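A quick write-up on the structure given underneath.
The values are calculated or read from the model by the stated rules, or taken from the named source; none is laboratory data. On a predicted model such as this, the values are computed, not experimentally measured, just so you know. Here the Cβ positions follow ideal geometry from the backbone for every residue, glycine too, while neighbour counts run over all protein chains shown.
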Amino acid sequence: MDKALTDSLERYIMKLQEAAEQLKTPRTNEFRLTKRNLPAIARKSATDFLAYCALVALFRRNIGGLSEPSCVAVIAVPSQWQLKDIHDAATIILKDKKGVKFCLHPTSKHKRGWEIDPAEFLESGEKLIIFTQEGSILHEDFELAATLSDRLAICDIRHLRALAIFRRCGNLTDEQAAVIAEQASERMEAIFRRDQPASRAAMKLLKVAKVPPGDARLLDVTKGFGEASVWAEALKKDLADWRQGKLPWAEVDKGCLLYGPPGTGKTRFAAALAAHCGLHLEATSIPKWQSFKDGDLGDMLKAMYHAFGSAKENAPCLLFLDEFDAIGDRAKFPSRHETYSTTVVNALLECLDGTDGREGVVVLGACNYPERIDPALLRSGRLEKHVRFPLPDATARGEILEYHLPMLAGDAALKEIAARLPGKSGADLERLAREARRIARKENRDVNISDVRSQVQVPPPLDPKTLYRVAIHEAGHALVSYALMVGEIEWVEIYDNVENFATTVDANGGMFMEKPHREFLTRWEAMKMITSDLAGAAAEDLIFGHRANWSTGNKGSDFASATTLAIRMVTEYAFGNSLYFLPGSVDMTSPPTLWEDLALRDEVTEILQEQYQRARDMLDGLKPALLKLADALVKHKRLDARQLEPFWPGSRKVVPPPTRTRNRRQH
C-alpha cells in the first residue's frame, strides 16, 4: 500500500515536469521536481508532508506562471497554518534550486509602519514566492508587483489518508478527515501519532465541535437587537468596502455607544460583532483601568494607553470598553476627585482622537446610564453613534438560550419557551440555562427540554374579571392616544395566558403605537404624551372606581414614563412654572435627589395630576366607545389597525368579523 501511494504521488509530480517541458516559451527549470521519498517525509513530520502535498498541487495549477523568469507569486495560507510550516515544505521541494526567493509576510502592519522592505525582495529580479496569512493585509508594493495569486488548499482528504497510512494510523472517514482539516498545523503531530489510530483523535474533535466552547458560539447580531442589529450590518458593509479600498477610513463610524438596561448582553454582543465583521476583539472596561496595579493616576493612564496601543497593533480591531459611564462627567466631579477624574477624561479624549490617529480601530462603549458620561466623549469623531440596546426580542431570546444550551439548538420547543419570556434579559436567560444544566447533572444525563420548562414560571390564567380590567386599561390607552393623535396605533392586545401569551412585553396586555419622529417638542405635545401614558389607569379609575398596580412598578411602566417626561419638561424644556434652563442640574438616575427637591416635586405632581384628570374626563365622554372596545378585546384578544377603526369616536364603520389567523406580529 505504501508503495502504491508513493508511486501515485510521484507520477503526480512528474506530470508537473512534463507540463513545464511542453510549454512553447522558454522556461527556467526551478520547478522540475526531483524525486522525494514521500514515506520518509511523512514519518519525519506530519506538517511537512501535508504542506508538501498542498504545494505540489498549487505548483501544478500555476506551472506556467511560476516558470516565468520574473514571477512574483502571492500564496495565501489558511489562518490555522503557520507560514514557517509552508516555508519548510517549499524548501524540501525546491532544495538546491537557485533563483527562487521566499518571503514570509507579516500578519499585520505595525503602528510605526511595515516591518518589511519589499525592495529587498524585489530588486534582485529573482523569482519571489510570498507566503501570506489568509485574511491579512498585503503590503501595497507586493500587490503591485504580483504576477499571480492563489490560495493554498491544505489538508486535502487524499493527503490526510496517505499520511495516516504512512504513519500506520488507520483509516479515516470523510467526516473525520473534514474535522482534522480544520485544525491548526501544530496539532497534526498529536493527531497522527505513529502506530496510533488518527480516528480516535478525530472523534474527540468531532465531539468538541458539536458542543463548541463559549467563545466559539456566537450570537447572530443581525436580528433581535433592534437598532443595534441595523448598525452592525451597516458597519460590516463599510468595513468590507474599506478593506477593498472602496471607502476611506474617514467614512467609517469611529465609535459607538451601546446603552440600555443591565444584563441585556452588550458584552456578548460585542464579541459576536467582532466576529461578524472580521475584527480582532480587544475587550476591557473602565473599572479594570481604575483597578490596574495600585489604581493611582499613573497606573490608570498606563492601562488606558495600553488598551488603545494594543488595539492599534491588532488593527483592524474592535476595542470594547465596558461600563463606560464609570468615566464620569467633568462638570459633575466632586472637588476632592476633580483633578484625578478630569485628567482621566482628558487622556481618554486624547486616545479617541489623538494626533497619530486610530485607523482600523472601532471603539465600542457600553453602559447603562449614558447621561452620566462627559458630553465631549460622545461628540462626532469619538463615540459618535448612540444606539439603544434593548432587552432581547423573541428571536434573540431563542438564540441566547441556544447559545447556553447548544445541545437543544434547533428545537422548536426551545424557541416557543423563549417567545414566552418577554422582559427577560440575557443574564436572566443564562441563569435559566444554568439551572436546567444543574438538574441534568444531578441525574447524570444530558439536558432536555423538560429541564428548561421546569425553570420557567408560567403566568397563571387570567380570570374573566381580571381580563376585563386589562381590556379596559388598554382600551383607555388606545382611545386617548387616538383622540390626541399621539401616534399611529398598530394593534392592541391582551393575554389570557391560556391561548394568548405575552411575547413582546412583560405585561398582561399592550397597545403598540408608532410615534412620529419630532425634530422639536412643544409643551402641548409633551402634555399629550403624558395624558396617553396615564389613560390606562384613568380608564380603570373611571369604570371600577380604583386602579390596579400594573401602571407602576418598574422603569418601563406608564407612571414611570409620564414622570420622567414631566421632570424633563420642568428641568430641561422650561415647560414648568418658571423659564429657567439649567442643563444637568438634576440627576435623573437618582430618585432620592429628585424626592428632596420640593419645588421640582410640586411642579411634577401638578403636571401629572392635571393630565391624569384630563385623561379621565376624555374617557368619561367616550365611555360607550371605551366599553365596546373593551368587550371586543375580551372576545378577540387582539385587534389590529383595521379592526380598531369602527371603535374610534365619530367612526361610521361597522365592526368587522374577527380574523381567523393565529399569526402574531412581534413588537
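Points to keep in mind about this one:
- Any chance D294 is within 30 Å of E399 (Cα to Cα), surrounded by fewer than 17 Cβ atoms within 10 Å (Cβ to Cβ), modelled with pLDDT under 90 and not assigned by TED's automatic domain parsing to the domain that holds I400: no
- Listed by position, the helices (runs of 4 or more DSSP H) enclosed by the stretch 211-297 include none that has at least 2 residues that are more than 13 Å from the chain's Cα centre (by Cα), under 17 Å from F389 (Cβ atoms) and not aliphatic (A, V, I, L, M).
- Residue within the stretch 351-370 that is surrounded by fewer than 17 Cβ atoms within 10 Å (Cβ to Cβ), over 30 Å from I137 (Cα atoms) and at pLDDT below 90 present: yes
- Extreme residue, modelled with the highest pLDDT, among residues of the stretch 69-90 that are more than 14 Å from T132 (Cα to Cα), in contact with a strand residue (DSSP E or B) (Cβ under 8 Å, 6 or more places away or on another chain) and not hydrophobic (A, V, I, L, M, F, W, C): S70
- Among the residues of the stretch 71-84, those that are over 15 Å from P106 (Cα atoms) and either touching a Gly at 6+ places or on another chain (Cβ under 9 Å) or acidic (D, E) (or both) comprise C71, A73.
- Residues of the stretch 364-421 satisfying the condition of being part of a loop (DSSP other than H, G, I, E, B), in the same structural domain as A311 (by TED's automatic domain parsing) and over 30 Å from N508 (Cβ atoms): I373, D374, R379, S380, G381, R382, L383, E384
- Residues in the stretch 461-478 that are within 19 Å of S551 (Cα to Cα) and under 39 Å from the mean Cα position of the chain (by Cα): L462, L467, V470, A471, H473, E474, A475, G476, H477, A478.
- Enumeration of residues in the stretch 255-267 that are crowded, with 19+ Cβ neighbours inside 10 Å and not β-branched (V, I, T): G255, C256, L257, L258, Y259, G260, G265, K266
- Only listed residue being closer than 28 Å to P261 by Cβ, touching a residue at least 40 places away in the same chain (Cβ under 8 Å), in a helix (DSSP H, G or I) and assigned by TED's automatic domain parsing to the domain that holds L239, chosen from L348, L301, L321: L348
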